[in-house]
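Please treat every number below as a calculation from the coordinates, not as lab data. Keep in mind that what you see is a predicted model, and the values were worked out from it rather than measured. Note that each Cβ is placed from the backbone with ideal geometry, even for glycine, and that neighbours are counted across all protein chains shown.
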Amino acid sequence: MAAKSRTANRITETRGDKRLNITLLVVLGAFSVSVLYPLIYVMSASLSETSAVTSGEVWLFPIGFSTNAYTAVFESPLLFRSILNSLFYAGMVIAIGTFATMAGGYALSRRDLPGRNLLTFAFMITMLFSGGMIPTYLVVRDLGLLNTVWSMILPGAVSVWQLIISRAFFSQTIPHELLESAKMDGASDFTFFFKVVLPLSVPVIAVNMLLYGVTTWNAFFNGLIYLTDEELYPLQLAMRNILVQNTFDPAKMAGVDPTKIAEMQAIAGKLKYALIVIASIPPLLAYPFVQKHFVKGMMIGSVKG
Amino acid sequence: MTQMLNTNDGTASTDSAHKGGAASESTIRSNRPVPLLKRMARSWQLYVLLLPSLIWLVVFAYLPMYGLQIAFREFNPMQGIIDSPWVGLAQFERFFESNNFVPLLWNTIALALYELIAGFPIPIVLALALNALRQKYLSRSVQLITYAPNFLSVVVVVGILMMILDPQIGVVHQVLGALGIDAPQFLTDPGWFRHVFVWSGIWQTAGFSAIMYLAALSSVPPELHEAAKVDGASLFRRMVHIDLPSIMPIAVILLILSVGNILNTGFEKVLLLQNPLNLTVSQVIDTYVYEVGLKSPIPQFSYATAIGLFKSIVGLILLLAVNFFANKTTKSGLF
């Protein structure tokens, strides 16, 4: 292809370039379809008639229309509870993590912070080396956090990677002169951080909130090792038990109402599709809003490391 | 550095002079560096800002590192970390001599290498294609679509896999059946485990990983492309000779990082895709640590920690080796 196009020595598009562009279109199109198809399929299956799903008739668009799988999820005490739990955990980590990351990242970005390099190094080393699963579990256990909501919140409350990215953002966007003039006017470090730095950092605040929210919402492993009380389960763990372990107990899921139990039994298969859709919606809704900020934040992080 | 300290000193002193005039003239004029303790006291508010993340760092990153010593002890929960007896390298020897050692190491490395080899070039190709596509609005739509799965949880991805590859009602089996092909048992056949794992991972992350490369490509000066066009270079040639070299530095950095992480390969997803039938290929070091350390009725904390530590050390050595190699060959290492 390349050799042929050289014969046409013009700046306008050659036949080879046109063909390559068409090839690119086809390849990228195929990739998009392969990404989209499973998502659409699961969505359609969750909205189809129960019989169409169990007989495997659904392949792209919903056959019939029924939202009974969704009502079942929200009427099931344990599943509904797990959704609320996940929202709570994500909200707490967003609040704690974002604040700690902004404040800590800012402090580390200040060139006049005594011990700055040593402190930064102490954070960065944990990106290369960590205590691992068992020692971390023992710490959580010894702190008495097992089977409490804090075991779902505190271990993941700070991401060193995000801290380093935020630090890079501050050192690039907050000029030293700004700090000096604020100090001249009598501002303390606190005042400067809350009144000047935070309002200037909306993009990086948004990125941090998104990342903390999505990571916590999507996490299941902490729940798996730290929790035994089903009342505290996050949605992902409840889902894992139903989807992967296939331990679906309609009696437990539906409470004590016998008609509900029978109903749950009938739509057990479809329930899985509805759960997948419910678990996917918050992250997929959140990311387009901050996508612009996100690419920007990633760039800053990648340039400065 | 001295200059910076001085200006700093100056502003701080004027500040205090404004307030009460407590600082004497001589300290403002003097060129002597301010003692560390004094500077630290002056910056106390910054330390307060750093405190939340610092506490987290000590408790959830450094305490576990301190706890790593149980890999060299016979940990007894009754006695605690410090009072449990030292056993030296006995836990490690037990692992190296066990029948699990070779298969575990092989499963971990094979899965990681497969993922690295298949997963590393695809985002690069994707970014080159997205960048070269003339229809920019299409390029943006493809990006938007292919980012999406990156935000889904592993449970959701594995859930989707199980629905689609289900032998009874799964779409894949129905399509293959309609074509007259005898569909394999994707989820339980050990021969399919690695393919399912790696390609679903590419499905999930390729679009998002392309971001970094697209950013690097956006900084390629357009004059280079114009000049090459004048010389009659085709689109393909420009992709190979202009675009590709411009993303090499970032590609090397990402490669080093993924090699450093190679043994951590998608532990949670392996665990979710694992079942008794595919255990011969799906048992990797991390899942084994979980199995003997936390899942078993009699947790063997010390043994599991030693296995985990062995994995971290191998990972660290790999990272340093690749970084050394990258520094030698391309001069664009990580550190």
Please give me the summed charge of the neighbours of B:Gln45: other residues whose Cβ is under 11 Å from its Cβ, Lys and Arg +1, Asp and Glu -1. +1
Using the membrane-span-like helix rule (whole DSSP H runs, Cα extent along the own axis of at least 30 Å, mean Kyte-Doolittle hydropathy at least 1.6), which helices of chain A qualify? none
Cα gyration tensor of the range A:18-66 - equivalent ellipsoid semi-axes, whole Å, descending: 32, 8, 7
Value at 222 nm in deg cm²/dmol, rounded to 500, when DSSP H runs of n ≥ 4 in chain A each add -39,500 (n - 2.57): -22500 deg cm²/dmol
Sorted on mean Cβ neighbours within 10 Å (highest first), peptides A:167-177, A:56-66 come out as A:167-177, A:56-66
Distance between the range B:142-201 and the range A:23-43 - C-alpha centres, whole angstrom: 14 Å
Applying the gyration tensor rule to the Cα atoms of the protein assembly as shown (axes a ≥ b ≥ c; rounded if a/c under 1.5, else prolate if a/b exceeds b/c, else oblate), the class is oblate
Amide H neighbours of B:Arg73 under 5 Å, counting only residues 5+ apart in sequence or on other chains, H built in-plane at 1.01 Å? B:Val87
Taking each residue in A:122-129, count the Cβ atoms of any other chain within 10 Å of its Cβ, then average. What number comes out? 5
Distance between the range B:228-299 and the range A:169-244 - C-alpha centres, whole angstrom: 26 Å
Check every DSSP H run in chain B and write down those whose alpha carbon atoms cover 27 angstrom or more along the long axis and whose mean Kyte-Doolittle hydropathy is -1.0 or greater. B:190-218, B:301-329
Estimated vicinal HN-Hα couplings, Hz - the range B:275-285 in sequence order (Karplus 6.51, -1.76, 1.60; Gly, Pro = x): 8, x, 7, 9, 4, 4, 10, 9, 7, 10, 4
Cα-based shape type of the range B:191-299, given that a ≥ b ≥ c are square roots of the gyration tensor eigenvalues and the cut on a/c is 1.5: prolate
Would you mind pulling out the separation of the Cα centroids of the range A:62-102 and the range A:123-165, in Å? 23 Å
For all pairs of alpha-carbon atoms in chain A, what percent lies in each bin of width 10 Å, listed from the first bin to the last filled one? 5, 19, 23, 21, 17, 11, 4, 0
Which pairs break 21 Å Cα to Cα here: B:Lys136/B:Lys229; A:Lys272/B:Lys269; B:Lys269/B:Lys295; A:Lys18/B:Lys229; A:Lys183/B:Lys38? none
With N residues in chain B, what two-decimal value do you get for its Cα radius of gyration over 2.2 N^0.38 Å? 1.39
